[in-house]
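*Asks:* Got a structure for you, written out below as structure tokens; questions coming shortly.
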Amino acid sequence: MTFKHNFKKVLLATAFAAALVVAPAANVSAATNDASSTQQSATATSQDQQASQDQAASQSSAANQSSATAASASASTSTSSATSTSTVKKTTKKAKKTTKKSKKKTSKKKAVKKVAKKTTKKKATKKAKKTSKKSTKKTTKAATAAVTTSAGQSQATDQQDDAAKKAAEAAAKKAAAAKKAAAKKAAAKKKAATKKKAAAKKKAAAKKKAAAKKKAAKKSAEKAAKYWIAMRESGGSYTARNGSCYGRYQLLISYLGGDLSKKNQERTADRYVYGRYGSWVNAKRFWLAHNWY
């Protein structure tokens, strides 16, 4: 009973010692890997998981080895029990020391991870701020350029509108001046035409008046010449007779055609004088030269 009890103690102590020996080694390896990859937190986490798996495998292997050792110890003599107990104590002390170191390294590793994470976050924030600042600056510059371009285009459009407006005003002013000049010219032409027409009318009237005056004068002269001849031929009597001549103008009786009336005498005398002399004035002139007509 005592042997079995001691054997179980030895077996458990051996397994525990083996586990303690293997675990610190795995933790040390993981801490070393984490320290070399401080800037890559994701890789460190993966390595920790791998180290845990390796630790579990090592513990399983240690258990197997412990079983083998226990079997070997069972076959050996009871003298190895005392030696194993001493070895277990030393191993336990060493395992505690290793565990303490492992915990210290783990705490250091966590601090390093925390610092790395904080640094990475700070760098990411700084980079984001810088990118945002650049983007804002670029956007502001683009907006300023757009506003400047728009203002330039607006100014150019305003200048074009002003130029077009001035051109339209100049054209309208020129057209109005041309229209006014044309109206003035037309009025002057109309006035000249009216004046010319009035002058022509006045001239025609004067000419007509002169002709009428001339005609009146001629008629008066004709009347006077006719009266003068009548007075020389018959003394103005419509019944005076001198041989074959009869009446106021002493015409041949054959000229009267048997009609001795005053009207017929006047008509026949005019026909004779105008047919032979052209006028009573010419007949008077002939009479003055020959004492007859």
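The values are calculated or read from the model by the stated rules, or taken from the named source; none is laboratory data. What you see is a predicted model; the values in this text were computed from it and never measured. In this analysis, Cβ positions are derived from the backbone assuming ideal geometry, glycine residues included, and neighbour counts consider all displayed protein chains. Remember, those area values only see protein heavy atoms, side chains included, never the ligands or the DNA or RNA. Shrake-Rupley method; radii C 1.70, N 1.55, O 1.52, S 1.80 Å.
*Asks:* I'm trying to understand the selection: among the residues of region 233-264, which are crowded, with 17+ Cβ neighbours inside 10 Å and either closer than 22 Å to PHE286 by Cα or under 60 Å from the mean Cα position of the chain (by Cα) (or both)?
*Replies:* Result: GLU233, SER234, TYR246, GLY247, ARG248, TYR249, GLN250, LEU251.
Yes/no matrix, rows are residues, columns are (1) within 30 Å of TRP292 (Cβ to Cβ); (2) of a type outside the set (D, E, K, R); (3) touching a Ser or Thr at 6+ places or on another chain (Cβ under 8 Å); (4) open to solvent by less than 70 Å² (accessible area, probe 1.4 Å):
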site	(1), (2), (3), (4)
LYS174	no, no, no, no
LYS180	no, no, no, no
ALA183	no, yes, no, yes
GLU266	yes, no, no, yes
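*Asks:* Among (1) free of Cβ contacts under 8 Å to residues at least 40 places away in the same chain; (2) out of contact with any Asp or Glu (no Cβ under 8 Å at 6 or more places or on another chain); (3) not in a helix (DSSP H, G or I), there is one condition ALA230 misses while meeting the rest; what is its number?
*Replies:* Looking at each condition in turn, ALA230 falls short on (3).
*Asks:* Moving to a separate point now. Considering every residue within region 252-271, establish whether at least one is touching a helix residue (DSSP H, G or I) at 6+ places or on another chain (Cβ under 7 Å), touching a residue at least 40 places away in the same chain (Cβ under 8 Å), in a helix (DSSP H, G or I) and among the β-branched types (Val, Ile, Thr).
*Replies:* Within region 252-271, not a single residue is touching a helix residue (DSSP H, G or I) at 6+ places or on another chain (Cβ under 7 Å), touching a residue at least 40 places away in the same chain (Cβ under 8 Å), in a helix (DSSP H, G or I) and among the β-branched types (Val, Ile, Thr).
*Asks:* Taking the conditions exactly as written (part of a helix (DSSP H, G or I), open to solvent by less than 100 Å² (accessible area, probe 1.4 Å) and either free of Cβ contacts under 8 Å to residues at least 24 places away in the same chain or farther than 26 Å from THR268 by Cβ (or both)), does ALA221 satisfy them or not?
*Replies:* No.
*Asks:* For region 127-162, give me the residue count where each residue is open to solvent by less than 60 Å² (accessible area, probe 1.4 Å) and at pLDDT 75 or above.
*Replies:* 0
*Asks:* Search region 90-101 for residues that are part of a helix (DSSP H, G or I) and pair each with any residue that is at pLDDT below 75 and not basic (Lys, Arg) when their beta-carbon atoms are under 6 Å apart and the residues are at least 6 apart or on different chains.
*Replies:* THR91/ALA17; ALA95/LEU20; THR98/PRO24
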